[in-house]
1. How many of the residues in segment A:1-41 are outside any strand (DSSP E or B) and buried (at least 16 other Cβ atoms within 10 Å of the Cβ)?
2. Return the residues of segment A:80-103 that are closer than 20 Å to A:Val26 by Cβ and out of contact with any Ser or Thr (no Cβ under 9 Å at 6 or more places or on another chain); say none if nothing qualifies.
3. Consider B:Val94 carefully, then state whether it is loosely packed, with under 15 Cβ neighbours inside 10 Å, within 14 Å of chain A (Cβ to nearest Cβ) and assigned to a strand (DSSP E or B).
4. Which condition breaks for B:Ser76 when tested against (1) small (Gly, Ala, Ser); (2) more than 15 Å from the chain's Cα centre (by Cα); (3) more than 10 Å from chain A (Cβ to nearest Cβ)?
5. On the basis of being more than 29 Å from B:Lys64 (Cα to Cα) and either more than 7 Å from chain A (Cβ to nearest Cβ) or in contact (Cβ under 8 Å) with a residue 60 or more places away in the chain (or both), does B:Glu29 make the cut?
6. Looking at segment A:56-69, I want the residues that are within 21 Å of A:Leu36 (Cα to Cα) and at pLDDT 95 or above and have a partner that is loosely packed, with under 15 Cβ neighbours inside 10 Å and among the hydrophobic types (A, V, I, L, M, F, W, C) with Cβ atoms under 9 Å, at least 6 apart or on another chain. Which pairs are those?
7. For B:Tyr44, which of the numbered conditions (1) surrounded by 13 or more Cβ atoms within 10 Å (Cβ to Cβ); (2) more than 22 Å from A:Gly37 (Cβ to Cβ); (3) not hydrophobic (A, V, I, L, M, F, W, C) fails to hold?
8. Looking at segment B:81-104, can you tell me whether even one residue there is modelled with pLDDT under 95 and either of a type in the set (Asp, Glu) or touching a Phe, Trp or Tyr at 6+ places or on another chain (Cβ under 7 Å) (or both)?
2 protein chains.
Amino acid sequence: MEQFNNVSIIKKANTYQDGKVSSRTVLFEDGTKKTLGIMLPGEYEFSTDLKEEMDIVAGHLEYKLPGEDWKEINGSGVFYVPANEKFQLKVYSVVDYCCSYLAE
Amino acid sequence: MEQFNNVSIIKKANTYQDGKVSSRTVLFEDGTKKTLGIMLPGEYEFSTDLKEEMDIVAGHLEYKLPGEDWKEINGSGVFYVPANEKFQLKVYSVVDYCCSYLAE
């Protein structure tokens, strides 16, 4: 099973939307950060600071990046969100994701 | 902010109850294991294999251990569940927990 080694994890969760979206922050030795999260069905909008790699590990959702059409991931897939942008999600079944924050 | 260092974390989440309960597995250098989890409001029953320390980091719930009355935690608190037992939970607001599996 894939795992991240030699990392630190912050004990307290990040929760949004009455807990329908939650994540755990993982800190790497090289100073980078990922969050491992769960999203329950619903419609969400998020904003980025850094560029983000959204690695969908499991679940079914549609996502909309700025200036693009809605796209679907059912099972697994990856998309990237530019820094300082908003993006929308429609989550249809529980999504397990790994978000990497990229310095570019 | 409290964090666990020099650990491994399994990328894939553990999910139960249509995602209303989810957790992440954290592996420690000494061979011990914790899960960091989120529970949304609802009623749940869980079973233990090992003895468990349930450290409630945030949230409001009642718990019932075998042969005991319902007890309440609102905010934070800790309880222990013996090995090979069932316990019940009534979660009233989103619970953030840290479960330690104890060898005894």
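The values are calculated or read from the model by the stated rules, or taken from the named source; none is laboratory data. None of the values given here were measured: they were computed from a predicted structure. Please note: Cβ atoms are built from the backbone with ideal geometry, for glycine as well, and neighbour counts cover all protein chains shown.
1. Result for segment A:1-41: 6.
2. Answer for segment A:80-103, where residues must be closer than 20 Å to A:Val26 by Cβ and out of contact with any Ser or Thr (no Cβ under 9 Å at 6 or more places or on another chain): A:Tyr80, A:Val95.
3. no
4. The failed condition is (2).
5. Here the answer is yes, as B:Glu29 does meet what is asked.
6. A:Ile56/A:Val78; A:Glu62/A:Trp70; A:Tyr63/A:Trp70; A:Lys64/A:Trp70
7. (2)
8. yes
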